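A.B. asks: Before we start, here is the structure in question, set down as structure tokens.
The values are calculated or read from the model by the stated rules, or taken from the named source; none is laboratory data. These figures come from a predicted structure and were not determined experimentally. Neighbour counts are summed over all protein chains in view; Cβ atoms, including those assigned to glycine, are modelled from backbone coordinates with ideal geometry. Note: areas computed on protein heavy atoms with side chains; ligands, DNA, RNA excluded. Shrake-Rupley method; radii C 1.70, N 1.55, O 1.52, S 1.80 Å.
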Amino acid sequence: MDLDALLTHYFGTEGLDDPVALERGIERLGTDFAVEQEPGRRFALWALLHALGAAPDPDVAFEDPELRAAARDYAWAADKAADRAH
């Protein structure tokens, strides 16, 4: 999945700078995450939701134990990297 394409698809050309576009994009992204069946694509959508602070808890988001563990690991690493950036 291409991040630029995802951002344009969900948030339009205004990107993340427009609060209304951000809110609508997160809503569309959450809807697509909820109905996506392909595990890899679903995980990518969840990761983008996580980056935006809108992801559901991995225990709720993923039935598959391996995906749940991967999401927990990703969330931990992303949060750790964000802490180092500050």
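A.B. asks: Limited to segment 5-43, what total is found for residues that are open to solvent by less than 30 Å² (accessible area, probe 1.4 Å) and either among the charged types (D, E, K, R) or within 19 Å of Ala69 (Cβ to Cβ) (or both)?
C.D. replies: So the count comes out to 1.
A.B. asks: Name the residues in segment 24-66 that are within 20 Å of Trp76 (Cα to Cα), without any contact (Cβ under 8 Å) to a residue 40 or more places away in the chain and small (Gly, Ala, Ser), would you?
C.D. replies: Within segment 24-66, Gly40, Ala47, Ala51, Gly53, Ala54, Ala55, Ala61 qualify.
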